[in-house]
Amino acid sequence: VSFSNVNNANPLITSTTPGTYTVGFLDNTCQYPQLAEIIFPIRPSVFNDTTVCNLTFNVDTSKINIHGNGTWSSFAGGPVVVYGPNSSQNATTFTFPESGNYLLTLTDDICNNSDAVTITVYEQPKVFAPDFGCYMNTDQVYATSFAGGTWTLQHPNGAILDDTVFTNGPTNSYPHPVVQDPGNYIISYTDNQCNITVSDTIYFPPYLFTE
């Protein structure tokens, strides 16, 4: 530590390194020492920016360094982040309402110092498909994905059909598949960011005809 003026009864004491220090003052008359302990807390530090493919993030608390207690917070007015079991530095999970970029800040309760981390959240894709596709096609299939993705369609015999089976293309959120044979087809969607695949089944009944 250093003193702005060692002869001043109220000096400015500066430390370049966090820690606990004992300082003393010795009066000029009686040479009687007075000791005091001063704690210079470390500034909070958290983990590096990260990307998650889920709406829940598990916190590695071993990578958080803070003196005393602290509180997590997110951008005021933004989507609400839920901290579990609470918003203290001991929070073990962050739950996000939707995909997006979240700036989260951990602020210590002693000096109001803080450190921040950006977590990019990609919600897992969802596929919506009808149970039946009449007339060998359906325009009611669609997917939700933050970063886009690609469709595949599996024939009842197990073969993966060519991309031309999708009228609107295999990367369109509304692909509009058209098939030639009746049966149960597995339609799948793989998102671009997290490479997560979700699937559903569509039954295309045969055409009715009379003789």
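The values are calculated or read from the model by the stated rules, or taken from the named source; none is laboratory data. Every value quoted in this text rests on a predicted model; they were computed, and no experiment measured them. Methodologically, a virtual Cβ is constructed for each residue, glycine included, from the backbone with ideal geometry; neighbour enumeration extends over all protein chains shown. Calculation scope for accessible area: heavy atoms of the full protein, side chains included, ligands and nucleic acids excluded. Shrake-Rupley method; radii C 1.70, N 1.55, O 1.52, S 1.80 Å.
Here are a few things to note about the model shown:
- T92 - accessible surface, heavy atoms, 1.4 Å probe, Å² rounded to 10: 70
- Dipole in debye (nearest 20) - the range 42-130, about Cα centre, beta carbon charges: Lys, Arg +1; Asp, Glu -1: 80
- Contact order, relative form, for the range 1-80: 19 percent (alpha carbon pairs under 8 Å, 6 or more residues apart, mean separation divided by residue count).
- With the convex hull drawn around the C-alpha atoms of the range 125-178, the volume per residue stands at 80 Å³.
- Accessible surface calculations at 1.4 Å, restricted to protein heavy atoms, place the chain at 61 Å² per residue.
- Residue of L161, L26, L103 that the Gaussian network model of the chain assigns the largest fluctuation, springs spanning Cα pairs under 10 Å: L26
- Mean separation of Cα pairs under 8 Å and 6 or more residues apart, divided by the residue count, gives the range 103-211 a relative contact order of 29 percent.
- Taken over the Cα atoms of the range 93-166, the convex hull encloses 140 Å³ per residue.
- Most fluctuating residue given options I64, I160, I38, as computed from a GNM of the chain linking Cα atoms under 10 Å: I38
- A Gaussian network model of the chain, with springs between Cα atoms under 10 Å, assigns the largest mean-square fluctuation among Y142, Y174, Y32 to Y32.
- Segment N172-N69, length gained on full extension (0.36 nm per residue, minus Cα span): 32.2 nm
- In a fully extended conformation the segment linking T22 and D60 would gain 10.3 nm over its present Cα-Cα distance, using 0.36 nm per residue.
- Counting only DSSP beta bridges whose two residues both lie in the chain, roughly 95 percent are antiparallel.
- Share of pairwise Cα-Cα distances greater than 23 Å in the chain is 65 percent (whole percent).
- With kT/(6 pi eta Rh) evaluated at 25 °C and eta = 0.890 mPa s, and Rh the Kirkwood radius from Cα pairs, the range 30-130 diffuses with a coefficient of 159 µm²/s according to Stokes-Einstein.
- Put a plus charge on the Cβ of each Lys and Arg, a minus charge on the Cβ of each Asp and Glu, and nothing anywhere else: the dipole of the chain about its Cα centre is then about 620 debye.
- Accessible surface of the chain, 1.4 Å probe, proportion on carbon and sulfur as whole %: 50
- Residue among I38, P97, F3 farthest towards the positive dipole end of the chain, charges placed on Cβ: F3
- Pairs of Cα atoms nearer than 8 Å and 6+ residues apart set the relative contact order; for the chain it is 15 percent.
- Isolated Cys in the chain, by beta carbon distance under 4.7 Å: C30, C111, C134
- Under-5 Å amide H pairs with G183, H placed in peptide plane, nonlocal only: F204
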